[in-house]
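A.B. asks: Could you have a look at this structure, given as structure tokens, before my questions?
The values are calculated or read from the model by the stated rules, or taken from the named source; none is laboratory data. None of these values were measured; they are calculated from a predicted model. No Cβ is skipped: glycine too gets one built from the backbone with ideal geometry, and neighbour counts run over all protein chains shown.
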Amino acid sequence: MTTVLPATAQRLPIATDSDIVHVRQLVRTVAQQARLTLVDQTKLVTAASELARNTLVYGGGGDVIVTLVSDARRTGVRCVFSDSGPGIADLDLALTDGWTSGSGLGLGLSGSRRLVEHFSIDTTPGLGTRVEIATWSR
């Protein structure tokens, strides 16, 4: 069972490019608190940065909740990105490497999924998208 450690959940808005920088900084700080390896910190921060950009660009903005969590054996970091944008019409296609609905490389969602231990996405066209990622200490 995963538990949230006391006073660790932090919510940040994602409404401007500078907010993406703040997300990266917060995720790095919490990853250090979770004692993730430098490699795992870098992977998590990279995934969070990609998802924050997607939240801004494709979701029209939203927020992220970054939480230090524990499962009694180890600690980890959970990030939940939410927006009220248009949602993703074809999730399977959106998770395909190289596919993009914009001008990017098409690696945001699929790349983020590969960089973390836990990745889940819930999206409804017209209602928005929620992406949860997590990585655990070793």
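A.B. asks: Can you name every residue in the stretch 56-69 that is within 12 Å of the chain's Cα centre (by Cα) and at pLDDT below 95?
C.D. replies: Residues satisfying the conditions do not exist here.
A.B. asks: Further question on the same structure: Pairs, please: C-beta under 6 Å, at least 6 apart or cross-chain, first residue over 18 Å from LEU44 (Cβ atoms) and in the stretch 66-93, second part of a loop (DSSP other than H, G, I, E, B)?
C.D. replies: From the stretch 66-93, the pairs are ASP83/GLY59; GLY85/GLY59; GLY85/GLY60; GLY87/PRO125; GLY87/GLY126; GLY87/LEU127; ALA89/PRO125; LEU93/TRP99.
A.B. asks: Can you find even one residue in the stretch 17-33 that is over 14 Å from the mean Cα position of the chain (by Cα), closer than 20 Å to GLY111 by Cβ and at pLDDT 95 or above?
C.D. replies: The answer is yes, given that some residue of the stretch 17-33 is over 14 Å from the mean Cα position of the chain (by Cα), closer than 20 Å to GLY111 by Cβ and at pLDDT 95 or above.
A.B. asks: From the list LEU36, LEU12, LEU56, LEU26, exactly one residue is in contact with a Leu (Cβ under 9 Å, 6 or more places away or on another chain) and in a helix (DSSP H, G or I). Which is it?
C.D. replies: When all the criteria are applied, what remains is LEU26.
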